[in-house]
Amino acid sequence: MPNHICVHSEIGRLNTVLIHQPGPEMENMTPATAADVLFDDILNLDLALAEHRQLTGVLRRVADVLEFSELLEDILADEKAKLSLLRQVCELHRCQELVDDLMAIPAKPLARQLFEGTLQRKDSFEKFLNPSPHAIPPLPNAFFTRDASMCVYDQVVIGSMAHKVRLTESLLLRAIFKHHPKLKGHAFLLDGTQAGSDKLTVEGGDVLVIRDDLVVLGYSERTSPQAIDFLARQLSQGKQQFNVIAVELPKQRATIHLDMIFTMLDVDTFMIFPPLITGAGKCKAYHMQLQDGQVTRIDEYSGLPKALRRMGMEINMVPCGGQDPFRQEREQWTSGANFFAFAPGQVLGFAHNTGTLEALSQAGYEVVHANEIITDKKVLGEGKIAVAMDGAELSRGGGGCRCMTMPICRQPVAWPCR
């Protein structure tokens, strides 16, 4: 039976989650090519793997963990699904001549190759002059599983990626959700691989499901107004009232997604980057009210907290980096605001962001290291807890714990009366 798609909040107790362990694809870039695949620097695979194993170890204590590469290998064992996917990937990269050769590769090595990249044959003058060694490029961003797919309520969104270098990830995830027996049978709210417009782009870091009647979306360099309109209309179909809050982000590297400055920790608590959420330069927010696919009203607010209060949410805010503006800037850059909640008030973040962890401690969270959870030195109970995993290397890829986790199913949340 397929897994039930059920994500009605950012904080419901986690049942099933999709991740990807970084592989040799991370080493298939150089300082000269890092920017081409959206990295600021090259990463060390051994260090990244050691850190990612802590993420996996904690998640396995609380949920069913699905591995992207294993699911891909499974569907490549189906010749029909394999052919369909390879045709799409090769068409994307204009190397249709490789389809037959790739079809001859068994499922397991082919799955590995789709992550690590396929070398280009230098069998023409045009290809000889092409500086790229790959016909199908490697996917070093694939461990950020949140970006190219997201589960919203009981449907799936396949990311319409802002950069072509990440479109292959969307194709692979689309194939998994379409064909894998653990996941298939669910509707696509949006299939970004078929979006049909370069102006309609959306990535998972900009999609936060707050409640049954409310989502918060980032209007960023990766998610467009056209995508926000599309999602708002689709999500409100058949509903008497639905609400979307769109947050306008600066179009810069540190704020590529909303979850780099704002993540949900509990029913009434959020991790924030103060300069852009509560400070003088706070991001504008737009509250859209919809009824059955139609916008009935749009109001502009000076900041996101004010828009949330309009929705009856009196929120507590924990500052990324604590109260020191210098530490706030440094720790936001290293994904200090990018927390992943695996239950209400139980969150996972990076250990190197010490000012942020101190702020969580002051807010009543018990801070423990991931290894204590993995080795059962600390057993997760019902209280507030912040699990700190090593992530100094992973964060140099430009994301944090929320970026690396794509929930498929969460338990319902008991909301306080409002």
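Key figures
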item	result
Of the criteria (1) at pLDDT 95 or above; (2) surrounded by 16 or more Cβ atoms within 10 Å (Cβ to Cβ); (3) more than 30 Å from Gly345 (Cα to Cα), which one Leu83 fails	(2)
Residue among Lys378, Lys384 that is in contact with a Leu (Cβ under 9 Å, 6 or more places away or on another chain) and farther than 25 Å from Arg253 by Cα	Lys384
Pair list, Cβ under 8 Å, 6 or more apart: the range 315-326 residue buried (at least 18 other Cβ atoms within 10 Å of the Cβ), other residue at pLDDT below 95 and of a type in the set (D, E, K, R)	none
Among residues of the range 14-47, those that are of a type in the set (A, V, I, L, M, F, W, C), without any contact (Cβ under 8 Å) to a residue 60 or more places away in the chain and assigned to a helix (DSSP H, G or I), counted	3
The range 191-217 - residue that is under 26 Å from Ile136 (Cβ atoms), aliphatic (A, V, I, L, M) and touching a helix residue (DSSP H, G or I) at 6+ places or on another chain (Cβ under 7 Å) and, of those, modelled with the lowest pLDDT	Leu200
Scan of the range 274-314 for residues that are surrounded by fewer than 18 Cβ atoms within 10 Å (Cβ to Cβ), within 16 Å of Asp213 (Cβ to Cβ) and of a type in the set (Gly, Ala, Ser), ordered by number	Gly293, Gly312
Verdict on Ala254 being within 26 Å of Thr405 (Cα to Cα), of a type outside the set (D, E, K, R) and touching a residue at least 60 places away in the same chain (Cβ under 8 Å)	yes
Matching entry among Ala341, Ala386, Ala359 (being among the small types (Gly, Ala, Ser), on the phi < 0 side of the Ramachandran plot and touching a helix residue (DSSP H, G or I) at 6+ places or on another chain (Cβ under 8 Å))	Ala386
Residue in the range 224-237 that is farther than 21 Å from His8 by Cα and either among the small types (Gly, Ala, Ser) or not in a helix (DSSP H, G or I) (or both) present	yes
Near pairs, Cβ below 6 angstrom, 6+ apart or cross-chain, from the range 229-240 (free of Cβ contacts under 8 Å to residues at least 12 places away in the same chain and aromatic (Phe, Trp, Tyr)) to any residue that is part of a helix (DSSP H, G or I) and crowded, with 17+ Cβ neighbours inside 10 Å	none
Unique residue being over 25 Å from Thr145 (Cβ atoms) and in a strand (DSSP E or B) when the list is Val367, Val387, Val379	Val367
Unmet criterion (only one of (1) within 18 Å of the chain's Cα centre (by Cα); (2) surrounded by 15 or more Cβ atoms within 10 Å (Cβ to Cβ)) for Arg61	(1)
Of residues in the range 382-396 being over 15 Å from Ala50 (Cα atoms) and touching a residue at least 60 places away in the same chain (Cβ under 8 Å), the one surrounded by the most Cβ atoms within 10 Å (Cβ to Cβ)	Val387
Criterion violated by Ala50 - all others in (1) without any contact (Cβ under 8 Å) to a residue 60 or more places away in the chain; (2) surrounded by fewer than 16 Cβ atoms within 10 Å (Cβ to Cβ) satisfied	(1)
Residue identified as closer than 21 Å to Thr193 by Cα and free of Cβ contacts under 8 Å to residues at least 60 places away in the same chain among Leu92, Leu83	Leu83
Residue within the range 117-135 that is crowded, with 21+ Cβ neighbours inside 10 Å, under 25 Å from Leu394 (Cβ atoms), touching a residue at least 24 places away in the same chain (Cβ under 8 Å) and touching an Asp or Glu at 6+ places or on another chain (Cβ under 6 Å) present	no
Condition check for Phe188: out of contact with any helix residue (DSSP H, G or I) (no Cβ under 6 Å at 6 or more places or on another chain) and either modelled with pLDDT of 95 or more or of a type in the set (S, T, N, Q) (or both)	no
Answer from Leu59, Leu86 - the residue that is of a type outside the set (Val, Ile, Thr), under 18 Å from Gly204 (Cβ atoms) and not in a loop (DSSP other than H, G, I, E, B)	Leu59
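The values are calculated or read from the model by the stated rules, or taken from the named source; none is laboratory data. Quantities reported herein were computed from a predicted structural model and do not represent experimental measurements. Ideal geometry is used to build each Cβ from the backbone, glycine not excepted, and the neighbour counts take in all protein chains shown.
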